[in-house]
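Let me begin by presenting the structure, written as structure tokens, before commenting on it.
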Amino acid sequence: MTTTPGDEGDQGALFSHGQGDVFARGASAGPPGASGASAGPPAPSGRRLVVETDGGSRGNPGHAGYGAVVREAGTGRVLAEWAGYLGIATNNVAEYMAVVNGLLASAELDPGATVEVRADSKLVVEQMSGRWKIKHADLRALAEQARAAFDPARVRYTWVPREQNTAADALANAVMDSHGQIRRNHDRPTAALRAVPGEVGVPWDVPAPASVRGPAHDAGPTADDAPATAAGAQVVAGNAQTTEEVVAARTNAPRMSGTPLPRMGGEPATVVLVRHGVTELTETGRYSGGDTPGPALSVQGRAQAERAAILVGRVGVDVWTDVPVPTAVVASPMVRTQETGAAVARSLGLPVVSDDRFAECRFGQWDGLTVPEIEAGWPGQVLDWATTADVRPPGGESLRDVGARVARGLRAVAARHQGATVVLAAHTVVIRAAVGLVGRLAPGHWSAVRIPPASLTIVRVWPRPDVDGRLVGDLTVVGCPSELVA
């Protein structure tokens, strides 16, 4: 994570308010099922896990957070995502907390696995590998918690460059922005329950009420609080909350977008399709296809793209919380989608990758014309094109043409990003095609799907087609307006 210079030094107190012992005690307890050195190592299971960790502090010390992603080593499938806001802390504390929580998440998944922890903090990797001495007592305490969280004999540490650690970085930034917590365990049904002392049956992902988490975050944790602990930031002490708070926590808990059906061909990728903001041609009702790179976004279109970027930044954090936080951005090669994709990428701290398969439909001789102008030159043809699979504008593409390349593009995204979320900046016809393909709509019905400028549409796509060669996917939301964040 990019943080204040000097984050590789073994520096400073654990927390600027001197409350490191509060988090240290919480993390050492661990969630139910976590392994610990005193309990003896469990029998090896043969499973291999990869834990990607990152932490940062905006100020060093400053508002800090950590993120940890647990993957299946062989497939890269995301099994768990844990992240937490820490209040005021240092970069090194945040990096260590990411390791502690990543190992605790791994212990919940399989305490008999072997684990590779990947971090972009050379300090943490070298210290936890035993090659560097841990000088500060508070960091030594966190290192001990990491060793207690998972049998250290089955854990190795690997340094990775920051550009290879974007998933954990995105989680850490998300909780630093929201001052919240993220707990997603994808390796088991979301409806699974974790027992909570004094309140059996509270869903495991219910956030702790404010009275349990402590005072406002900018005040930092205090010794008298019962904060969301580093080990299980959602665990709630039963005697510290009222019945009303329990009911409220249940009511406001993240919900699945629907029980996922078993599909073929591995884990799906979640694709967040963002239509570009308006251009001067959009504002005047003129067709703007993939024949030429332009036009660029208008002033209004740029504002729309920024709003869309804000909404995308909330995906997996406090909206559509059952999908992973976005970790990749893809855009059509058109100028307007490149600009929209760049706005999203800036908000997520990610690069933009171009993909020609998601370019807008080529309208040929209709490009730049209004519907009345097309009607005057080609009577009845625009309606035929919009409602028939194989009708092409003169010099342009049919809906079936567009659908074929969009299907290829989505399958490629799904194969590359299994278990992850990808943002795709695209166009009206492309997004309609994606909706139609996963919803098994005939191309002649795609034009019935309305896609407002800068709106979000979310689909899940599996990497392999079905036995008939068709795209396998499902649909979460269509055309959610970015004006919701205004």
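In nm, what is the difference between 0.36 nm times the number of residues separating residue 140 and residue 296 and their Cα-Cα distance? Can you show the working numbers first?
Values: separation 156, 0.36 × 156 = 56.16 nm, distance 5.36 nm.
Here the answer is 50.8 nm.
To the nearest 20 debye, what is the magnitude of the charge dipole of region 278-410 about its Cα centre, counting +1 on the Cβ of each Lys and Arg and -1 on the Cβ of each Asp and Glu?
Values: 12 positive and 17 negative charges, 75 e Å.
My answer is approximately 360 debye.
Rank these residues by their accessible area, most exposed first, probe 1.4 Å: 378, 462. Before the final figure, lay out each step's value.
On the way: 378 60, 462 10 Å².
Reading off the accessible areas and sorting them downward yields 378, 462.
Using a 1.4 Å probe on the protein chains only, how many percent of the accessible area of region 50-115 belongs to carbon and sulfur? Present the calculation step by step, with values, prior to reporting the outcome.
Working: 520 of 1000 Å².
Carbon and sulfur atoms account for 52 percent of the accessible area of region 50-115.
Accessible area per residue for region 48-144 in Å², computed with a 1.4 Å probe and the full protein assembly in place, what is it? Intermediate results must be reported in sequence, preceding the final value.
Values: 2520 Å² over 97 residues.
Dividing the accessible area of region 48-144 by its residue count gives 26 Å².
For the pair residue 370/residue 389, report the inter-label distance in nm, with labels modelled 7 Å from Cα in the Cβ direction.
3.4 nm
About the Cα centre of region 383-486, what is the dipole size in debye to 20, counting +1 per Lys and Arg Cβ and -1 per Asp and Glu Cβ, all else neutral? It would help to have the intermediate numbers written out before the result.
Details: 12 positive and 8 negative charges, 58 e Å.
Approximately 280 debye in magnitude.
Which FRET efficiency, nearest 0.05, do residue 404 and residue 153 yield, Cβ-Cβ r, R0 56 Å? Mind dumping the intermediate values first?
On the way: r = 52 Å, r/R0 = 0.93.
The computed FRET efficiency comes out at 0.60.
For residue 368, list long-range residues whose amide hydrogen, built 1.01 Å from N in the peptide plane, is under 5 Å from its own amide hydrogen.
Hits under the 5 Å cutoff: 287, 288, 289.
Measuring with a 1.4 Å probe in the full set of protein chains, what accessible area per residue, in whole Å², belongs to region 264-325?
Per residue, region 264-325 has 37 Å² of solvent-accessible surface.
The values are calculated or read from the model by the stated rules, or taken from the named source; none is laboratory data. This one's a predicted model, so the numbers in the text were calculated from it and none came from an experiment. Cβ sites come from the backbone with ideal geometry, for glycine too, and all protein chains shown count toward neighbours. Note: areas computed on protein heavy atoms with side chains; ligands, DNA, RNA excluded. Shrake-Rupley method; radii C 1.70, N 1.55, O 1.52, S 1.80 Å.
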